[in-house]
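Colleague: First the structure, which I've put down as C-alpha cells, then a few questions once you've had a look.
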Amino acid sequence: MKIMEKIGLPLFGVLIAGISITLVLCGNPGNMGFCIACFLRDTAGAVGLHRAASVQYVRPEIIGIIFGSLIVSLVKREFKPKGGSAPVTRFVLGFALMLGALIFLGCPLRMALRIAGGDLNAIVGLFGFAAGIFAGVFFISRGYSLKRSYDVSKTDAILIPVLTLILPGIFILVPSILIFSTEGPGSMHAPVIISLIAGLIMGAVGLVSRLCFVAVFRDSVLLKSFSMMGAFVTLIIAGVIGNLIFGSFNLGFEGQPVAHTDWVWNFLGMTLVGLCSVLLGGCPFKQIVLSGSGNSDSAVTVLGMIAGAAFAHNFGMASSPAGVTQNGMISFGVAGAVVIFIAVYNTLIKTKGEPGLRSEIDLNEEPGIKEEGTVTVTVEDNE
C-alpha cells in the first residue's frame, strides 16, 4: 500500500477538519467551513442566477480549489484535457445531485463536518448517503457505464478555470455588479484572503490525494479498499476535538446551524446525492478538483450543479432550518425517477454491432491510478 494511502489520506482528513474549523472561527457559518454545494449555491446567487437574498456571496474557496488543482496538475504534468463522456447526462446528474444536497442542506463534506459538530441529523444523512452509494454500486457491478472520455481541446479543459478567474476580477474591480447577502448564511464568511488560501490548499491536496467521499463506501465494497475511510474517520475525530476545544460542539438534533430535523428528508436527500455521485464517478468535491485539472466531464457536472442550485432556490425547492418545502419533495420525486432511469438505461441497454467494445468505469478517474481501480465490462457482439 502506498504511503499516501497509509498516512497521507488520514492526515488529509485532519487537515480538512483544521481548515474548516479555522474558516468557521473566521466567519463562515457554523459547521460550514467547507461545503461544495452551499458554496456553489451562494456563488450562483451572487451572479444573479437565483433570488434567495440570504444565500448570495462569491465564495473564494471554490475559486481556490479550482486553481489549487490546476496549479498542481500543471506542475505534475497531469493536466490532460479529457471529456465527451455523456455530457448531457452528466449535467442532469449534477443538477439532481444539487437538488438532493439542498434538501439535506449540505454536500458529503459538510455532512462529515456537521457530524463533527455534534449534529445528529447528519448521521441520519450519512446512512442515506451510504444507501445511495450502495444502490449505485448495484448498477456498477452490473455494467453501468457512461462510456469512456476522449482527448479534447485545451480550450474546453481550461474554460472553467478561466471563467472562475473572472469572478475575483469582478469582485475586486466592480463589486457593484455582484449581489451580496446582508443577512443569513450568505452574509457570514471568512476574510477573502483566508478563504482563498484555504481553497488553494484543498484543491492542491485534493488532487494529490485523490480524495473522494463516495470512495469511502464504494471502494470498500467493490475493491475491498479502506484507505479513503481513514480520511473520513480522522476528519470526524479531528473535527470533534477541534469543536470541543473551541466550544462549538453541540450534540443533538435541535439547534444546529443551517440544518433541519426532518430525518426522513435528511436521509432521502443524501440518498440522492450518494446515488448521483456514484453514477458520476465522484463526489462534489472530487468533481470540482477534476474540473480544475482538465476534465471537462467534471466541468459539465459542476455547471449542472450550479444550474440545480439556481433552479432550486428560484422555485422554492431548497430546504431551510424550518424544514423541507412541498416543492422540494416534488423535485425529489422527479429527480429520483430521472436518475433511476439513467442508471437502468446505462446498465441494461447494451451497444450492438461493435465487436470487442469495452466500456470502462474508472473508479478513480485521475492519471496514474492503479490497475485494480477499474471495473471493465465487455459487451459481446450479438450479430
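Colleague: Under a crude label model (7 Å from the Cα following the beta-carbon direction), how far is V338 from R148 in nanometres?
Modeller: So the label points at V338 and R148 sit 3.0 nm apart.
Colleague: Looking at region 52-154 from every direction and averaging, what is the projected area of its Cα convex hull in nm²?
Modeller: Working: hull surface 37.9 nm².
The directionally averaged projection comes out at 9.5 nm².
Colleague: Of the chymotrypsin sites (Phe, Trp or Tyr not before Pro) in region 195-247, which ones lie in a loop per DSSP and count no more than 12 other C-beta atoms within 10 Å?
Modeller: Answer in residue order: F246.
Colleague: For C107, enumerate residues with amide H under 5 Å from its amide H, sequence gap 5+ or separate chain, H modeled in the peptide plane.
Modeller: HN-HN under 5 Å from C107: I36, A37, C38.
Colleague: With runs of 4+ DSSP H residues as the only contributors, calculate the mean residue ellipticity of the chain at 222 nm using -39,500 (n - 2.57) per run, divided by the residue total and rounded to the nearest 500.
Modeller: On the way: 14 runs with 226 residues, N = 383.
Dividing the helical sum by the residues of the chain leaves -19500 deg cm²/dmol.
Colleague: Treating the beta-carbon of each Lys and Arg as +1 and of each Asp and Glu as -1, no other charges, what is the dipole magnitude of region 62-131 about its Cα centre, to the nearest 20 debye? Present the calculation step by step, with values, prior to reporting the outcome.
Modeller: Working: 7 positive and 2 negative charges, 66 e Å.
Taking the Cα centre of region 62-131 as origin, the dipole is about 320 debye.
Colleague: Take the Cα pairs of region 208-342, get the Kirkwood Rh, then feed it into Stokes-Einstein at 4 °C and 1.567 mPa s and tell me D in µm²/s.
Modeller: On the way: Rh = 17.1 Å.
Using the Kirkwood radius from Cα pairs, D works out to 76 µm²/s.
Colleague: Where the only charges are on Cβ atoms (+1 Lys, Arg; -1 Asp, Glu), what is the dipole of region 138-270 about its Cα centre, to the nearest 20 debye?
Modeller: Numbers: 7 positive and 6 negative charges, 131 e Å.
Computed charge dipole of region 138-270: roughly 620 debye.
Colleague: Taking the Cα centre of each part, how many Å lie between region 4-45 and region 223-243?
Modeller: Cα centroid of region 4-45 versus Cα centroid of region 223-243: 13 Å apart.
Colleague: Find, among the trypsin sites (Lys or Arg not before Pro) in region 130-214, those assigned to loop by DSSP (not H, G, I, E, B) with at most 13 other beta-carbon atoms within 10 angstrom.
Modeller: Numbers: sites: R142, K147, R148, K154, R210; in loops: R142, K147, R148, R210.
Loop-located and lightly packed - R142, R148.
Colleague: Do any trypsin sites (Lys or Arg not before Pro) in region 215-308 lie in a loop, going by DSSP, with at most 13 other beta-carbon atoms within 10 Å of their beta carbon, and if so which? Let's see the in-between values first.
Modeller: On the way: sites: R218, K224, K286; in loops: K224.
Listed in order of number, the matching sites are K224.
Colleague: Right, something else. Which one of L173, A52, G83 is farthest out on the positive end of the charge dipole of region 34-175, using unit charges on Cβ (Lys, Arg +1; Asp, Glu -1) and the Cα centre as origin?
Modeller: Among L173, A52, G83, the one farthest towards the positive end of the dipole of region 34-175 is G83.
Colleague: If you don't mind, another one. Measure up K82/K224; K82/K147; K82/K154; K82/K286; K224/K286 against 18 Å on the Cα-Cα distance and list the ones that go over.
Modeller: Numbers: K82/K224 28 Å; K82/K147 13 Å; K82/K154 9 Å; K82/K286 15 Å; K224/K286 21 Å.
The pairs that break the limit, which is 18 Å between Cα atoms, are K82/K224; K224/K286.
Colleague: Go through region 29-38 residue by residue and turn each phi into a ³J(HN,Hα) via Karplus (6.51, -1.76, 1.60, θ = phi - 60°); whole Hz please, and just put x for glycine and proline.
Modeller: With the stated coefficients, region 29-38 comes to x, x, 6, 9, x, 9, 7, 4, 4, 5 Hz.
Colleague: Computed on alpha carbon atoms, what radius of gyration and Dmax characterise the chain, expressed in Å?
Modeller: 19.5, 68
Colleague: Which of M202, W263, Q326 sits closest to the plus end of the dipole of the chain, meaning its Cα is farthest towards the positive end, when Lys and Arg get +1 and Asp and Glu get -1 on the C-beta?
Modeller: Of the candidates, M202 comes out farthest on the positive side.
Colleague: Additional query: Just to confirm my understanding: which cysteines in the chain have no other cysteine beta carbon less than 4.7 Å from their beta carbon?
Modeller: C26, C107, C212, C276, C283
Colleague: Spelling out what I want: for every residue of region 55-64, take phi, set θ = phi - 60°, compute 6.51 cos²θ - 1.76 cosθ + 1.60 (Karplus), and round to whole Hz; glycine and proline get x.
Modeller: 9, 9, 5, 6, 7, x, 4, 5, 4, x
Every read-out reported here was derived from the displayed coordinates using simple, explicitly stated rules and does not represent laboratory data. This structure is a prediction, so every number in the text was calculated from the model and none was measured. For neighbour counting, all protein chains shown are included, and Cβ atoms are generated from backbone atoms with ideal geometry for every residue, glycine included.
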